[in-house]
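The values are calculated or read from the model by the stated rules, or taken from the named source; none is laboratory data. Bear in mind the structure is a predicted one, so any value in this text is a computation, not a measurement. Positions of Cβ are backbone-derived with ideal geometry, glycine not excepted, and every protein chain shown enters the neighbour counts.
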Ligand code: NDP
């Protein structure tokens with residue numbers, strides 16, 4: 001029997017990369033899934049067809065996580081389509097890297113708006129549609145505590161903020177029967193961080209496993225945390241990073 005039968009999920013930034021890996025895995029485990037994208041409409045529509053072919057419902061919603069009103073609207077659309085939200089996955093995130101002396105403050109604000117503020121906004125909105133057994137999972141990064149090169153301070157700070165948010169909100173959500181956890185991947189082969197990109201050879205040297213993760217590996221970990229066997233895990237930041245030592 002599938003572990004997420006009769007469950008509904010909402011995933012931000014679900015049309016490509018890690019988000020799409022999560023959408024696929026949740027659907028394979030039986031969940032109906034709504035997800036957001038920004039500009040890649042075709043990829044989003046193709047993923048909807050793929051999920052529908054599995055016999056699950058899928059909804060693609062255009063919504064920029066930088067905009068709080070759009071995030072709230074996408075949560076409300078999901079709740080209206082499915083009647084409830086059992087699983088929220090905050091996956092959308094950006095990596096803005098650059099030298100300390102010239103790093104633009106606009107990039108600082110954009111990074112925190114998308115990687116941190118939108119996570120809080122989505123949680124606030126989604127909890128109203130969640131009951132006991134609800135699951136909230138955010139995709140942080142191993143870079144929250146391990147940054148192996150210069151120029152990543154703001155990205156690291158945004159992912160460290162998610163650790164604190166997860167720990168703090170577990171106190172608010174526990175009495176509601178809802179768990180919240182932060183999944184911290186190491187290098188995962190996506191458009192954001194391709195395994196044949198300029199940093200890849202160096203990043204592989206930082207991991208005992210010596211390779212990038214596949215998005216399905218992150219999807220499986222998220223599906224476990226979203227499932228019935230993970231009810232005693234909350235407030236945690238959990239690494240899935242090939243032993244990354246940066
Ligand atoms: P990608 O850039 O490969 O995929 C991004 C996905 O998110 C697409 O579906 C994209 O839609 C959507 N998206 C981008 N910007 C926004 C936005 N502002 N609002 C809503 N959706 C958006 O990223 P990854 O899959 O690599 O990363 C996903 C998450 O994982 C991020 O939080 C990242 O920080 C984290 N992470 C990634 C690692 C890696 O090595 N790849 C390692 C550790 C953490 P569209 O196609 O329309 O642009």
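Only one of these conditions is not met by residue 114: (1) closer than 24 Å to residue 185 by Cα; (2) in contact with a helix residue (DSSP H, G or I) (Cβ under 8 Å, 6 or more places away or on another chain); (3) assigned to a helix (DSSP H, G or I). Which number is it?
Here residue 114 clears every test but (2).
Would it be correct to say that residue 51 is within 16 Å of the ligand (Cβ to nearest atom), surrounded by 15 or more Cβ atoms within 10 Å (Cβ to Cβ) and either at pLDDT below 95 or not in a helix (DSSP H, G or I) (or both)?
no
Of everything in the range 1-48, what is free of Cβ contacts under 8 Å to residues at least 60 places away in the same chain, assigned to a strand (DSSP E or B) and either out of contact with any helix residue (DSSP H, G or I) (no Cβ under 7 Å at 6 or more places or on another chain) or away from the ligand (no atom under 15 Å from the Cβ) (or both)? Give them in sequence order.
Correct list: 32 only.
Of everything in the range 82-95, what is farther than 22 Å from residue 227 by Cβ and surrounded by fewer than 19 Cβ atoms within 10 Å (Cβ to Cβ)? Give them in sequence order.
Matches in the range 82-95: 94, 95.
Can you tell me which of (1) assigned to a loop (DSSP other than H, G, I, E, B); (2) under 17 Å from the mean Cα position of the chain (by Cα); (3) away from the ligand (no atom under 13 Å from the Cβ) is the one residue 88 doesn't meet?
Only one criterion is unmet by residue 88, namely (1).
Say we look at the range 155-199 and pick out the residues that are in a helix (DSSP H, G or I) and within 12 Å of the ligand (Cβ to nearest atom); which of these is surrounded by the fewest Cβ atoms within 10 Å (Cβ to Cβ)?
Result: 156.
Starting from residues that are without any contact (Cβ under 8 Å) to a residue 60 or more places away in the chain and in a loop (DSSP other than H, G, I, E, B), keep the ones in the range 66-85 and report whichever is nearest to the chain's Cα centre (by Cα).
Among them, the one singled out is 66.
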